[in-house]
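Here is the structure we will look at.
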Amino acid sequence: MQRILSLDGGGIRGAFTARILEHIEEQRPGFIAQSHLIVGTSTGGLIALALRAGVTPRDLTRMYVERGAEIFADSFGDDIRDVGMLLGAQYSSDGLISVAKDVLGEQTRLRDLSGPVAVTTFEMDSVDAAGNRTWKPWIIHNLPGSDSDADVLAWKAAVSTSSAPTFFPTFEGNIDGGVFANNPSMVGVAQAMDPRGAAPAALDQIELFSIGTGQKPNYVPGQTLDWGLRQWARPLVDIMIDGVSGVVDQQCRMMLGDRYARLNPVLPPQLRVSLDQVLSVREMVAWADFVAKSADFASFVAKIPEAKESPALSGSAAAAMPTPAAARPSIIDGLRRKLPPPRP
């Protein structure tokens, strides 16, 4: 059985994901290490890459609490230049890039990570197989095969998957993968089954554990809305993201049955905030602690088999993976040095 761990996008709500992973590891030690593939979008992509770089969920929780404001750092001068968000992104990428480099290392490539990982981004200007200039999704991954991106710098993959339109500028022509796969569960299934890989999995040999960043119950009242661009501009992005995520959830349930579990509880009213609301990060952590006591969490964990001693990849797949670099304690220790102790 091949286990996939899928992590949704959601900005600062990644603090919830990191904290929930702490609780899962407490009850199922080795859960993360025993995942054959970790796939993530946006904040979930950053977490996925960091986990494969040896950063613990606890350190990731601290990263969001202590450095979230650095990622979403705004300035009066930037607001003047951008006329708010009308003519430019809300934030510079400087903080996001700085945190990504500190967490993942400036020279760490995907081939150096401890196991298979895939993150989503969207190329704004690319060339397809027929030579046509076009935009297209890009799954950045280190799985063996003809389309492997093992030489990509990990921090660049993290920034590419996290560059949400209107919040951050594009990064090397890429934007946040949430525009097409905020819930990347099906991306994980497709990558695991890709016949170009060294050891493609059969569908009946896949188990998938998907973690969201919380649902915001949205709705638009009215039965015959005669709206134009101005009225649709505000809800349309949320409609598309939630719609695609919901369809992915349905598809996974239908295809995988009992081998699929998703944890994505409804956000309490006080936490139904924008992905950049850093003032709510501690409340997100506390909410994760609350969710970890719920029946939904218990049901999710109950589906996780007890840890085995087998590695994340075995057989021909393991042989085809690039040899990971030696352990890099300086990266993780550097992160801890930059983070002050948790506040009481």
* Exactly one of (1) under 25 Å from Arg3 (Cα atoms); (2) at pLDDT 95 or above; (3) of a type outside the set (Val, Ile, Thr); (4) surrounded by fewer than 20 Cβ atoms within 10 Å (Cβ to Cβ) is unmet by Ala157. Its number? -> (4)
* For Asp82: the one exception among (1) modelled with pLDDT under 95; (2) open to solvent by 40 Å² or more (accessible area, probe 1.4 Å) -> (2)
* Could you say which residue among Pro195, Pro169, Pro165 is within 17 Å of the chain's Cα centre (by Cα), open to solvent by 50 Å² or more (accessible area, probe 1.4 Å) and farther than 14 Å from Asp8 by Cα? -> Pro165
* Say we look at segment 31-45 and pick out the residues that are aliphatic (A, V, I, L, M) and surrounded by fewer than 24 Cβ atoms within 10 Å (Cβ to Cβ); which of these is nearest to Val285 (Cα to Cα)? -> Ile32
* Which residues, counting only those in segment 140-154, are assigned to a loop (DSSP other than H, G, I, E, B) and crowded, with 24+ Cβ neighbours inside 10 Å? -> Asn142, Leu143
* Single residue of Leu275, Leu256, Leu236 found to be among the hydrophobic types (A, V, I, L, M, F, W, C), at pLDDT 85 or above and more than 26 Å from Lys303 (Cα to Cα) -> Leu275
* To do: Go through the residues of segment 217-235 one by one and say whether even a single one is open to solvent by 80 Å² or more (accessible area, probe 1.4 Å) and closer than 20 Å to Ser6 by Cβ.
  => no
* Structure fact -> Only unsatisfied item for Ser299, checking (1) open to solvent by less than 40 Å² (accessible area, probe 1.4 Å); (2) at pLDDT 95 or above, is (1)
* Asked: Only one residue in Gly212, Gly177, Gly188 is in contact (Cβ under 8 Å) with a residue 60 or more places away in the chain, buried (at least 19 other Cβ atoms within 10 Å of the Cβ) and farther than 22 Å from Arg259 by Cα. Which one?
  -> Gly177
* To do: Look through Arg52, Arg28 and report the one residue that is surrounded by 24 or more Cβ atoms within 10 Å (Cβ to Cβ) and among the basic types (Lys, Arg).
  => Arg52
* How many residues are touching a residue at least 60 places away in the same chain (Cβ under 8 Å) and acidic (Asp, Glu) if we restrict to segment 89-122? -> 2
* Do you know which residues across segment 157-174 are touching a residue at least 40 places away in the same chain (Cβ under 8 Å) and either under 20 Å from Val127 (Cα atoms) or in a strand (DSSP E or B) (or both)? -> Ala157, Ser160, Thr161, Thr170, Phe171, Gly173, Asn174
* Asked: Are any residues in segment 126-164 over 27 Å from Gly105 (Cβ atoms) and not small (Gly, Ala, Ser), and if so, which ones?
  -> Val127, Asp128, Asn132, Arg133, Thr134, Trp135, Lys136
* Can Glu66 be described as surrounded by fewer than 24 Cβ atoms within 10 Å (Cβ to Cβ), more than 12 Å from the chain's Cα centre (by Cα) and under 16 Å from Leu96 (Cβ atoms)? -> yes
* Asked: Out of curiosity, is Gln251 open to solvent by 40 Å² or more (accessible area, probe 1.4 Å), modelled with pLDDT under 95, farther than 14 Å from Ile20 by Cβ and among the polar types (S, T, N, Q)?
  -> no
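The values are calculated or read from the model by the stated rules, or taken from the named source; none is laboratory data. On a predicted model such as this, the values are computed, not experimentally measured, just so you know. Here the Cβ is made from the backbone with ideal geometry for all residues, glycine too, and neighbour counts use every protein chain on show. Heads up: the accessible areas ignore ligands, DNA and RNA and are worked out on the full protein's heavy atoms, side chains in. Shrake-Rupley method; radii C 1.70, N 1.55, O 1.52, S 1.80 Å.
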